[in-house]
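> Please find one structure pasted underneath; my questions will follow.
The values are calculated or read from the model by the stated rules, or taken from the named source; none is laboratory data. Keep in mind that this is a model prediction, so the values were computed, not measured. Because the Cβ atoms are built from the backbone with ideal geometry, glycine has one as well, and the counts that use them run over all protein chains shown. Just the protein is used for accessible areas: all its heavy atoms, side chains included, with ligands, DNA and RNA removed. Shrake-Rupley method; radii C 1.70, N 1.55, O 1.52, S 1.80 Å.
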Amino acid sequence: MDITLFTNGHKSILASSNGQVYTLDSALIFQDPDLFKDRFTYQIKRLFNIQDLSAIDNVVFAITGLINSKNNTILKTYLLNDVSRTRVFDWFNFNEVLKYVFDSSKIFLVNDAFATTIGVLNTLDNIKLPSVILTLNDGIGVGVIDSSNNIISLEWGGDFVKSIGMSV
């Protein structure tokens, strides 16, 4: 079974590959970076009735903000920092925090704009390609689906976007 955690601020969605989906307050998981591992594993055990975490094949985190997918690190995330009551989630490394729970090859961190674009591509049967998908959370996320179903994703957030203007 795969587990996915999608968060865009004060609400998070936990879902499993067998179709179970739960929405919960993000503070239940992200209130304190030092308690993330315990809070996250508690919620997946409780919600999905999992006794042994080795039954989980992959864990995917779709997070709002600037992320490094290669080493599963959040570089900057304004919304999760707003949820935290202690310190910030900037430079939070999922591999390091979960190293005694999951093998790092089973952990995947993606930007929420990328995850949304994949969702759009996989759920809309009659989508016209190429398409541009915009997400608005902490900043503006852009996903582009080309005519061959390839996805390119980019996000601007927080201080990165001072204003948006358009000339006609």
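> Is it true that residue 105 is farther than 21 Å from residue 39 by Cα, modelled with pLDDT of 85 or more, open to solvent by 20 Å² or more (accessible area, probe 1.4 Å) and assigned to a helix (DSSP H, G or I)?
When the stated conditions are applied, residue 105 passes them.
> I'm told residue 88 meets every condition in (1) open to solvent by 60 Å² or more (accessible area, probe 1.4 Å); (2) within 22 Å of residue 154 (Cβ to Cβ) except one. Can you identify the failing condition by its number?
Residue 88 satisfies every listed condition except (2).
> Looking for something farther than 16 Å from residue 109 by Cα and touching a helix residue (DSSP H, G or I) at 6+ places or on another chain (Cβ under 7 Å) - is there at least one such residue anywhere in the range 57-77?
To start, the set of residues in the range 57-77 that are farther than 16 Å from residue 109 by Cα comprises none.
So far as the range 57-77 goes, no, none of its residues is farther than 16 Å from residue 109 by Cα and touching a helix residue (DSSP H, G or I) at 6+ places or on another chain (Cβ under 7 Å).
> State whether one or more residues within the range 127-143 are open to solvent by 30 Å² or more (accessible area, probe 1.4 Å) and in a helix (DSSP H, G or I).
No, every residue in the range 127-143 fails to be open to solvent by 30 Å² or more (accessible area, probe 1.4 Å) and in a helix (DSSP H, G or I).
> I've got another one for you. I'd like to know if the range 108-124 contains one or more residues that are modelled with pLDDT of 85 or more and exposed (fewer than 15 other Cβ atoms within 10 Å of the Cβ).
The first filter runs over the range 108-124 and keeps only residues modelled with pLDDT of 85 or more, leaving 108-110, 124.
With exposed (fewer than 15 other Cβ atoms within 10 Å of the Cβ) added as a condition, the list becomes 124.
Looking through the range 108-124, at least one residue is modelled with pLDDT of 85 or more and exposed (fewer than 15 other Cβ atoms within 10 Å of the Cβ).
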